[in-house]
Amino acid sequence: MVTELAHAIDTMGPEDESFTLLLSREYTEKSIGGLGSDALKGIDRARFCVLQEANAAVFADKKLVLSCAGEA
């Protein structure tokens with residue numbers, strides 16, 4: 001799965017402004033703000049870890065900038 005996701009990241013172009021990872025749980029702003037990705041649990045943590053591994057496998061100019069954002 002890491003290889004496939006790394007390939008997807010690698011093929012993203014400038015027109016692809018963002019990539020969204022939907023979470024299965026709800027997290028408070030306090031937990032995300034205080035712990036960042038360490039607040040993630042279960043499948044959310046597993047998916048985020050795969051995303052981090054895939055992101056580490058691509059060249060620097062293709063790396064995603066990862067951040068957590070709540071609903072607007």
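The values are calculated or read from the model by the stated rules, or taken from the named source; none is laboratory data. Here the structure is a predicted model, which is why all the values come from computation and not from measurement. Cβ coordinates were reconstructed from backbone atoms using ideal geometry, including for glycine residues, and neighbour counts include every protein chain displayed.
Results, tabulated for the structure shown:
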{"item": "Flag for Phe19 being under 14 Å from the mean Cα position of the chain (by Cα), in a loop (DSSP other than H, G, I, E, B) and touching a residue at least 12 places away in the same chain (Cβ under 8 Å)", "result": "yes"}
{"item": "Test result for Ala57, surrounded by 13 or more Cβ atoms within 10 Å (Cβ to Cβ) and either touching a helix residue (DSSP H, G or I) at 6+ places or on another chain (Cβ under 8 Å) or modelled with pLDDT of 90 or more (or both)", "result": "yes"}
{"item": "Members of the stretch 60-69 that are in contact with a helix residue (DSSP H, G or I) (Cβ under 6 Å, 6 or more places away or on another chain) and in a loop (DSSP other than H, G, I, E, B)", "result": "Lys63, Leu64, Cys68"}
{"item": "Every residue from the stretch 22-50 that is loosely packed, with under 12 Cβ neighbours inside 10 Å, in a loop (DSSP other than H, G, I, E, B) and either of a type in the set (Ser, Thr, Tyr) or touching a residue at least 12 places away in the same chain (Cβ under 8 Å) (or both)", "result": "Ser24, Arg25, Thr28"}
{"item": "Residue list for the stretch 1-21, restricted to those being within 14 Å of Leu66 (Cα to Cα), loosely packed, with under 15 Cβ neighbours inside 10 Å and either among the hydrophobic types (A, V, I, L, M, F, W, C) or in contact with a Cys (Cβ under 6 Å, 6 or more places away or on another chain) (or both)", "result": "Phe19, Leu21"}
